[in-house]
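Below you'll find the structure, written out as structure tokens, and then a few comments.
Where a number appears in this text, it was derived from the coordinates with a stated rule and is not lab data. Since we're looking at a predicted model, the values are computed, not measured. Neighbour counts are summed over all protein chains in view; Cβ atoms, including those assigned to glycine, are modelled from backbone coordinates with ideal geometry.
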Amino acid sequence: TIKACIFDLDGVIVDTAVYHYKAWKRLANEMGFDFTEHQNEQLKGVSRMASLDLVLGWGNVTDATDAEKEEMATRKNTWYTEMINLMTPDEILSGAQEFVESCRNAGIKTAIGSASKNTPIILAKLQLTPLFDAIVDGNSVSKAKPDPEVFLKGAEALGVSPADCVVFEDAVAGVEAAKNAGMKAVGIGSPKLLSEADVVVNGLDKVTLEMLETL
Ligand code: G6P
Ligand code: MG
């Protein structure tokens, strides 16, 4: 039986991809190149520095030093957090809050498992912080998805064994991380893309507690 649900944040609880895109695009534009929203898909679930490497690759920027890269990532994050600070609970994805609440009412523990270092501010802006028994994010993990670290730490914090956890993820690397952790995975998005998941739906508004028992 399922004892815990672990949720990715970006793309599962809230759609921050558009803000990440705007901020990375601004950085690219300042450096004299551009990239598409389609390319931006590749940045989902990818850490800040790994995202920067992808963006720089699209602009054929090969000579940036580590110090320059740090400065670029900080610049991007400043723009990103300016947008994040304006977020309101209206931006919670459809059904997300209701599903997390239904888990808690059923005695199922809840956690966030995200690569984002901005997790605390995003949850605060959405007024969702109290709904999670544990929060594991980019500030507390060292290995990026598909490494299972973020989800294993979540299970540990909840005191639940991995086999009794379900992960909700919109990124391919996130679904892989869940599977590497020995957990069930519900993909949020395209069934084609997230074929490693046990089931794929297009949003938390399509998930029921009954469904979890069939995974
Ligand atoms: C999530 C998003 C990624 C983002 C990463 C790090 O995984 O899907 O697009 O790059 O978090 O976010 P951060 O807020 O730490 O820059
Ligand atoms: Mg995500």
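Things to note:
- Distance between modelled label sites at T129 and N60, nm, 7 Å Cα→Cβ extension: 4.7
- Sequence-distant aspartates and glutamates (8 or more away, or on other chains) whose Cα lies within less than 18 Å of K69: E30, D34, D53
- Rough spin-label spacing in nm, given labels placed 7 Å along Cα→Cβ, for R26 and R104: 3.3
- Most mobile of F132, F168, F33 in a GNM of the chain (Cα contacts under 10 Å): F33
- Taking all Cα pairs closer than 8 Å and separated by 6 or more residues, the relative contact order of the chain comes to 26 percent.
- Of all DSSP bridge pairs formed entirely within the chain, close to 5 percent run antiparallel.
- Site pair E71 and D34 shows an inter-label distance of 2.6 nm when each label is modelled 7 Å from Cα along Cα→Cβ.
- Gaussian network model of the chain, Cα within-10 Å springs - most flexible of G45, G107, G95: G107
- Here the Gaussian network model covers the chain, with springs between Cα atoms less than 10 Å apart; of E30, E149, E101, E30 fluctuates the most.
- Rounded tilt (10° steps) of 48-58 against the dominant C-alpha axis of the chain: 50
- Computed from Cα positions, the angle between helix 66-84 and the longest principal axis of the chain comes to roughly 60 degrees.
- Label zone (L215, point 7 Å along Cα-to-C-beta; backbone nitrogen cut-off 14 Å) within region 169-195: 169-171, 174-189.
- Net lengthening on full extension, T208/E196 (0.36 nm per residue, minus Cα-Cα): 2.3 nm
- Lysines with Cα under 16 Å of K3, excluding same-chain neighbours fewer than 8 positions away: K109, K153, K184
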